[in-house]
Number of protein chains: 2
Amino acid sequence: MELRQLRYFLKAKELLNFTEAANQLNISQSTLSQQIKQLEEEINVPLFNRIGKRITLTEAGLLFSEFAFQSVSRANDGLIMMKDLNNLNVGSLSIGVTYALRNLLTRALILFSEKFPDIKVKIVFGTSTELIDRLNSTELDFVLTFREQADDVHLRYRSLFSSPMTLVVSKNSNIAGRSSISLKEIMDLPLAFPDSGYSTIQFINNLLKLKKLKPNVLVEINDISTLLELVKTGVWNTILTQVSVDDIGLSTIPIQGKNMLREATVISLKDAYQKKAAEAFQNYL
Amino acid sequence: MELRQLRYFLKAKELLNFTEAANQLNISQSTLSQQIKQLEEEINVPLFNRIGKRITLTEAGLLFSEFAFQSVSRANDGLIMMKDLNNLNVGSLSIGVTYALRNLLTRALILFSEKFPDIKVKIVFGTSTELIDRLNSTELDFVLTFREQADDVHLRYRSLFSSPMTLVVSKNSNIAGRSSISLKEIMDLPLAFPDSGYSTIQFINNLLKLKKLKPNVLVEINDISTLLELVKTGVWNTILTQVSVDDIGLSTIPIQGKNMLREATVISLKDAYQKKAAEAFQNYL
DNA sequence: ATTTTTAAATCGGTTTTTACGATTGATTTA
DNA sequence: TAAATCAATCGTAAAAACCGATTTAAAAAT
């Protein structure tokens with residue numbers, strides 16, 4: 001039993017005329033006769049009464065047509081659904097993102113949802129390594145994070161922009177106006193740092209280790225919003241990537257030195273199918 | 001799109017292994033690859049991610065599989081319906097049942113077989129979840145079990161009767177005559193329990209956890225007949241649903257408290273065609 | 001009553017599709 | 001590093017779908 005046969009049967013049932021049905025199906029009358037016959041042999045019961053040259057539907061034909069119709073319909077519906085998926089009318093998207101790029105993500109999300117209101121979006125915050133793991137197990141469609149040292153051959157990297165590391169200070173700070181600052185100078189300031197799980201802080205710590213500098217870390221906290229609130233008080237300062245601090249009401253001072261640029265990157269699985277929705281979302285980043 | 005391709009796809013989706021799927025479908029692996037590819041080209045979206053040699057379902061694949069399954073199911077149901085029409089006196093019936101309802105089933109089976117001696121009946125014992133899985137994969141026509149908490153929209157439930165939970169003791173037990181007993185009292189008795197895979201025991205364990213009671217379980221066993229033999233010795237007692245213990249030569253004492261009723265239920269697939277034989281069998285339950 | 005027309009079934013041959021085995025390429029496991 | 005595993009691909013063989021022509025038989029027209 002094949003959908004083709006069911007389609008032929010339904011058309012024949014509709015018109016009760018094999019020749020005309022064959023015409024509308026763009027096949028020959030002989031083909032239609034053969035295929036109907038084959039179907040009847042498989043289900044072991046005639047679908048049509050052949051009274052002379054006139055055909056009528058049998059009881060079995062009537063009962064069977066309901067199933068044939070539904071089978072064909074469901075297949076067609078599946079096709080339609082796939083078309084919808086291609087047109088981004090349905091679907092879902094799972095995005096992994098590090099806290100540092102939260103602003104970037106939310107800005108894009110607002111625009112994307114406006115344009116594609118029917119796509120369900122799931123946002124997963126986490127550390128880079130955790131998110132990459134989830135990407136590899138296809139839980140996520142793509143990950144938004146800073147580029148790490150080692151490339152993975154299974155992953156595709158798409159750089160968005162570079163953002164400098166900056167010292168974040170209260171607007172009232174007496175160094176708020178400065179155009180740049182050295183790492184060494186920062187060592188004398190009271191600091192509040194993000195939790196060491198974050199890639200930004202790992203990046204910084206690696207740098208400091210290399211230069212044998214010791215920061216004066218008074219607070220360590222795993223929530224960036226709260227961290228920024230702390231910095232606003234003027235008591236502590238922190239180090240973050242520039243892009244994390246936009247529009248927050250704080251002053252930022254670029255840190256001197258090379259290697260002070262971090263690359264915001266979209267990471268996806270190289271060989272997996274990239275959803276249309278994922279592509280579309282990335283255009284808003 | 002043809003049913004053949006949908007069937008191939010569903011098997012590949014089930015096993016997530018083209019080679020094995022091809023084996024089970026009795027076709028070559030190359031054929032399967034080709035047909036899947038052809039289907040993907042028609043719907044214009046990949047159904048599987050090919051990450052190296054590993055295969056995972058895409059979002060589109062998951063969405064599409066629902067339609068594919070229904071399309072194939074409807075066609076199969078049509079075929080079954082025709083077979084039923086043809087010969088009401090032959091056919092086969094696959095029934096899933098939990099051990100607790102063994103008596104109910106065997107009684108019905110005896111009557112049914114007398115009336116319809118030519119219908120082959122296959123009985124599958126198992127846990128509720130296992131049987132529901134098999135029902136969903138259309139291996140079983142219906143499942144006979146106790147009603148669980150969560151309803152599934154794809155399933156149809158038909159309640160048969162309620163049966164109380166009872167303490168099962170030897171006829172010689174000094175508490176054999178009692179008209180009821182509390183859970184608390186039972187905690188002091190030496191108990192033999194069914195394997196924790198059985199829904200009855202999960203039901204009981206949930207209750208005990210809620211009431212923070214600790215039963216004195218000395219034996220755990222995954223065969224109900226043997227369990228009942230043990231109880232006959234008078235050394236151990238057990239808890240079962242009343243209906244499991246009828247006509248066994250043991251005393252039962254209803255357990256006090258509400259929520260002590262379990263509903264014996266016939267579960268079948270909501271949208272699938274129900275065989276005449278299945279209907280007939282259920283009349284004897 | 002006979003002829004004509006109409007429509008389904010059947011037959012032989014052609015084209016298309018499906019399937020297979022062998023091989024390749026890539027990945028995972030030992 | 002070698003062996004095993006698995007999906008993709010290629011060329012070919014088998015199966016099927018399809019077509020046109022013809023046959024058969026009933027209805028319609030004469």
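The values are calculated or read from the model by the stated rules, or taken from the named source; none is laboratory data. Here the structure is a predicted model, which means the values were calculated and not measured. Counting neighbours? That spans all protein chains shown, and the Cβs are built from the backbone with ideal geometry, glycine included. Surface areas here come from the heavy atoms of the whole protein model, side chains and all, with no ligands, DNA or RNA. Shrake-Rupley method; radii C 1.70, N 1.55, O 1.52, S 1.80 Å.
Comparing the full protein assembly with the isolated chain (1.4 Å probe, heavy atoms, ligands and nucleic acids excluded), the residues of the stretch A:240-278 losing at least 40 square angstrom of accessible area are A:D271, A:Y273. For chain A, the residue among A:M81, A:S94, A:S225 whose Cα projects farthest onto the positive side of the dipole built from Cβ charges is A:S225. When chain B is treated as a Gaussian network with alpha carbon springs shorter than 10 Å, the biggest mean-square fluctuation among B:D271, B:D152, B:D246 belongs to B:D152.
What does the average come to when, for each residue of peptide A:58-67, you count the partner chain Cβ atoms lying within 10 Å of its Cβ?
Working: counts 0, 1, 4, 1, 0, 5, 5, 1, 5, 11.
The shielding value for this peptide is 3.
Quick check: net charge around B:S113, other residues with Cβ under 15 Å of its Cβ, Lys/Arg +1 and Asp/Glu -1? Net charge around B:S113: +2.
Where does the charge balance sit around B:Q24 when Lys and Arg score +1, Asp and Glu -1, over other residues with C-beta under 12 Å from its C-beta?
Details: positive: B:R7, B:K11; negative: B:E14, B:E20.
Value of the local net charge: 0.
A simple rule links phi to the HN-Hα coupling: the Karplus curve 6.51 cos²θ - 1.76 cosθ + 1.60 with θ = phi - 60°, which for the stretch B:119-135 gives 8, 7, 10, 10, 10, 10, 8, x, 6, 3, 4, 4, 5, 5, 4, 5, 5 Hz, with x for Gly and Pro. For the stretch B:1-145, report the % of Cα-Cα distances exceeding 25 Å. Counting every Cα pair in the stretch B:1-145, those more than 25 Å apart make up 44 percent. For the listed residue pairs A:K13/A:K53; A:K270/B:K11; B:K83/B:K122; B:K83/B:K275; A:K115/B:K37, the alpha carbons are over 21 angstrom apart in A:K270/B:K11; A:K115/B:K37.
Helical runs assigned H by DSSP (4 residues or longer) give chain A a calculated mean residue ellipticity at 222 nm of -13000 deg cm²/dmol, each run adding -39500 (n - 2.57) before division by the residue total.
Take B:Q38, push a point 7 Å out from Cα through the beta-carbon direction, and compare it with the same point in every other copy: 1.3 nm, smallest first. Taking chain B as the reference, fit the longest principal axis to its C-alpha atoms, fit the long axis of helix B:59-86 to the helix C-alpha atoms, and give the angle between the two in degrees, 0 to 90, nearest 10. Orientation of helix B:59-86: about 80 degrees from the principal axis. Every pair of different Cα atoms in the protein assembly as shown enters the Kirkwood calculation, which places the hydrodynamic radius at 30.0 Å. Taking the C-alpha atoms only, the angle from helix B:29-43 to the longest principal axis of chain B is near 80 degrees. For the stretch A:241-256, 3J(HN,Hα) computed residue by residue from phi via the Karplus equation (6.51, -1.76, 1.60; θ = phi - 60°) reads 7, 3, 4, 6, 10, 4, 6, 10, x, 9, 8, 10, 10, x, 8, 6 Hz, glycine and proline entered as x.
Over all directions, what mean area does the Cα convex hull of chain A project, stated in square nanometres?
On the way: hull surface 84.6 nm².
That works out to 21.2 nm², a quarter of the Cα hull's surface.
Expressed as a rounded percentage, what relative contact order does chain B have, with Cα pairs under 8 Å and six or more residues apart? Result for chain B is 24 percent. For the stretch B:1-133, a simple Cβ point-charge model (Lys and Arg +1, Asp and Glu -1, everything else neutral) yields a dipole of about 340 debye relative to the Cα centre.
Over chain B, with the other protein chains present, what is the accessible area per residue in square angstrom, probe 1.4 angstrom? Present the calculation step by step, with values, prior to reporting the outcome.
Values: 14080 Å² over 285 residues.
Heavy-atom accessible area per residue stands at 49 Å².
Compared with the dominant principal axis of the Cα atoms in chain A, helix A:3-15 is inclined by about 50°.
Think of each Lys and Arg Cβ as +1 and each Asp and Glu Cβ as -1; about the Cα centre, that makes the dipole of the stretch B:117-186 roughly 400 debye. Averaging the sequence gap over all C-alpha pairs within less than 8 Å and six or more residues apart, then dividing by the number of residues, gives the stretch B:3-84 a relative contact order of 29 percent. Candidates A:F67, A:Q35, A:T138 compared by Cα position along the dipole of the stretch A:1-151: farthest toward the positive end lies A:Q35, with charges placed on Cβ.
A:S65 sits among other residues whose Cβ lies under 10 Å from its own Cβ, and their net charge, with Lys and Arg +1 and Asp and Glu -1, is -1.
If the chain linking A:L111 and A:N205 were pulled fully straight, counting 0.36 nm for each residue of separation and taking away their Cα-Cα distance, it would gain 30.3 nm.
In terms of its alpha-carbon gyration tensor, the stretch A:163-261 comes out rounded; the largest-to-smallest axis ratio a/c stays below the 1.5 threshold. I'd like the distance between the alpha-carbon centres of the stretch B:211-285 and the stretch B:1-58, rounded to an integer number of Å. Cα centroid of the stretch B:211-285 versus Cα centroid of the stretch B:1-58: 42 Å apart.
Based on the alpha-carbon gyration tensor of the stretch B:49-133 and its eigenvalue square roots a ≥ b ≥ c, which shape applies: rounded if a/c is under 1.5, prolate if not and a/b is larger than b/c, or oblate?
On the way: a/c = 3.80, a/b = 1.70, b/c = 2.24.
Oblate is the answer for the stretch B:49-133, as a/c is 1.5 or above yet b/c matches or exceeds a/b.
Dipole check for the protein assembly as shown: with +1 at the C-beta of Lys and Arg, -1 at the C-beta of Asp and Glu, and the Cα centre as origin, the magnitude is about 540 Debye.
With a 1.4 Å probe and every protein chain kept in, tell me what percent of the accessible surface of the stretch A:3-86 is carbon plus sulfur. List each step's numbers first, then the result.
Details: 2200 of 4430 Å².
Roughly 50 percent, rounded to a whole number.
At a cut-off of 40 Å², which residues of the stretch A:1-17 become less accessible once all protein chains are present than in their chain alone, using a 1.4 Å probe? Going by heavy-atom accessible area, the residues of the stretch A:1-17 that drop by at least 40 Å² are A:M1, A:E2, A:L3. Remark: the Cα gyration tensor places the stretch A:190-236 in the oblate category, a/c being 1.5 or greater and a/b not exceeding b/c. Where in the stretch B:255-275 is the amide nitrogen less than 17 Å from a point lying 7 Å along the Cα-to-Cβ axis of B:Q149? Inside the label zone: B:259-263.
Sequentially through the stretch B:157-162, phi angles give Karplus couplings (6.51, -1.76, 1.60; θ = phi - 60°) of 10, 10, 6, 9, 6, 9 Hz, Gly and Pro residues having no value and appearing as x. In chain B, taking the dipole from charged Cβ atoms about the Cα centre, the farthest positive-side position among B:S173, B:N237, B:Q274 is held by B:S173.
Buried surface for the B/A pair, taken as the accessible area of each chain alone minus that of the pair with a 1.4 Å probe, is close to 3100 Å² in total.
Output the antiparallel fraction of DSSP beta bridges having both residues in the protein assembly as shown, as a percent to the nearest 5.
Values: 50 of 81 bridges.
Antiparallel bridges: around 60 percent, rounded to the nearest 5.
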